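Trainee: Shown below is the structure under consideration.
The values are calculated or read from the model by the stated rules, or taken from the named source; none is laboratory data. Bear in mind that the values here come from a model prediction, so they are computed numbers and not experimental data. Side chains included, ligands, DNA and RNA excluded: accessible areas come from the protein's heavy atoms. Shrake-Rupley method; radii C 1.70, N 1.55, O 1.52, S 1.80 Å.
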Amino acid sequence: WNNLRTMAQFCSQNYQYQSALDINLQALEVQKGAAEDVFDSACKSDLYTEIGELYQRLAKYKDAIKQFELAAGYQKDNTIEKAECYRKLGEVYRKASEYDLALEYDNAAINIFQNYSEPGMEDRELFLKIAEAKNAIGVVHLNLGDATKEDPKRKEEEYKQAKKFYEEALALRLKYKAEPNELAYSHHNIGTAFHRLKDYKNAAKKHREALELRENCKLKKTDIAASYAQLGNDNLELGEDYYEEAKRLIDCSLDIRKELLGENHPDYAWSLFSLSQWYEKTGDIEKAIETLNVVISIRENVLGPEHKYTQGAIQKREELRGKAKEIKQE
């Protein structure tokens, strides 16, 4: 069991997520077949959590939810460990577009953190956990804004709520000296909220701060790729003088995600979506449509044809086809 867990960890650290999952599932079979007193509750919960995280990385959200629920079942109520399980559930429900459940679990986690008073837990650690949960709630509000189509006022309000929670999280992280990785996430997410609110200069500023932290501190390459993609999107909106830099940034994100995640991953599709927007901005509508076809294929295969991201890409393709038709008629 220990050897399997070590092998799985090695694979995960090297972005071999499917291999890590397969090995951890073998470890789970060993665990299930062992005598009752061999593995304690914490050990069982940890394995279910790690399996859930791997399913989530592979965009298999229903499987991830099941594993996180099993992990939570092994933890006592009103404990930090239970709250951490709730945070995992909040995140995966958000990724599965079940926003009410995401907010329910994130708020439940915050409630435990704010009322926790057991010895051995420092204030700094608790406040940083509260910051993490606030940041997660911000992400849910951002997604709710993206999902609001017919009500521009509500859309803007959701984005403002996202920015508010992101800024509260950053304030706590700065006060309690969070790790560079957490600070980078806060800057990145505030930048994304600014982008949604069409304040592209401030968006670029915050995304650049996140990128500098991630590069200077040699943080995860997948996060560096996310910074490249978002900063590329900001530059696209700043005008023609910024198009060349936007293309460079988007290409960097594509290269990293292709190398680490492969060409059938939702994050790679996001970078391709940014590339299609670059083609549109520079007037190559046919190439934009061609790129969107690849985005749609990836999202249909991984997320399903009815997922909001798949449908969003299909809707964008139809919009571009209409634009291409108008150009031909002219």
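Trainee: Just tell me which aspartates and glutamates come within less than 20 Å, Cα to Cα, of Lys325; anything on the same chain fewer than 8 places away is out.
Mentor: The reachable aspartates and glutamates, counting only those whose Cα sits under 20 Å from Lys325, are Glu280, Asp284, Glu286, Glu290.
Trainee: Could you report the chain's accessible area per residue, 1.4 Å probe, as an integer in Å²?
Mentor: Accessible surface, normalised per residue, equals 52 Å².
Trainee: Still on this structure: Using only DSSP helix segments of four residues or longer, with each worth -39500 (n - 2.57), what per-residue ellipticity at 222 nm results for the chain after dividing by its residue count and rounding to 500?
Mentor: -27500 deg cm²/dmol
Trainee: Continuing with the same structure: Taking the alpha-carbon centroid of each part, what is the distance from the stretch 14-34 to the stretch 127-187 in angstrom?
Mentor: 33
Trainee: Continuing with the same structure: Taking a ≥ b ≥ c as the square roots of the eigenvalues of the Cα gyration tensor of the stretch 152-250, is the shape rounded (a/c under 1.5), prolate (a/b larger than b/c) or oblate?
Mentor: oblate
Trainee: Further question on the same structure: Could you tell me whether the stretch 172-314 comes out rounded, prolate or oblate from its Cα gyration tensor? Rule is a ≥ b ≥ c as square roots of the eigenvalues, rounded for a/c under 1.5, then prolate if a/b exceeds b/c, otherwise oblate.
Mentor: Prolate is the answer for the stretch 172-314, as a/c is 1.5 or above and a/b outweighs b/c.
Trainee: Right, next: How do Leu292, Leu213 rank by accessible surface area computed with a 1.4 Å probe, from largest to smallest?
Mentor: The ordering from most to least exposed comes out as Leu213, Leu292.
Trainee: I would also like to ask the following. Roughly speaking, to the nearest percent, how much of the chain's 1.4 Å accessible area is carbon and sulfur?
Mentor: 46
Trainee: OK, next. For Glu69 and Glu29 in one chain, what is 0.36 nm times their gap in residues minus the Cα-Cα distance, to one decimal in nm?
Mentor: 12.6 nm
Trainee: Please compute, over every Cα-Cα pair in the stretch 252-330, the percentage with a separation greater than 17 angstrom.
Mentor: 45
Trainee: With the contact rule set at Cα under 8 Å and sequence spacing of 6 or more, what percent relative contact order holds for the stretch 250-320?
Mentor: 26
Trainee: Can you run the Rg to Rh ratio on the stretch 1-78? Use alpha carbon positions and the Kirkwood inverse-distance Rh.
Mentor: 0.97
Trainee: Which of Lys88, Lys221, Lys153 moves the most in a Gaussian network model of the chain with Cα springs under 10 Å?
Mentor: Most flexible of the set in this elastic network: Lys153.
Trainee: Another one. Quick one, what does Rg over Rh come out to for the chain if you take C-alpha atoms and the Kirkwood Rh?
Mentor: Reported Rg/Rh, Kirkwood definition of Rh: 0.99.
Trainee: Take the Cα pairs of the stretch 1-142, get the Kirkwood Rh, then feed it into Stokes-Einstein at 20 °C and 1.002 mPa s and tell me D in µm²/s.
Mentor: 135
Trainee: Beyond 19 Å, what share of the Cα-Cα pairs of the stretch 33-111 remains, rounded to the nearest whole percent?
Mentor: For the stretch 33-111, the share of Cα pairs beyond 19 Å comes to 34 percent.
Trainee: Using a 1.4 angstrom probe on the protein heavy atoms only, could you order Leu211, Leu25 from most to least accessible area?
Mentor: Leu25, Leu211
Trainee: If I build a Gaussian network model for the chain, linking alpha-carbon pairs within less than 10 angstrom, which residue out of Phe194, Phe68, Phe39 has the largest mean-square fluctuation?
Mentor: Sorting by GNM fluctuation, first place goes to Phe39.
Trainee: Over all directions, how big on average is the projection of the convex hull of the alpha-carbon atoms in the stretch 91-234, in square nanometres?
Mentor: Projected over every direction and averaged, the Cα hull of the stretch 91-234 covers 9.0 nm².
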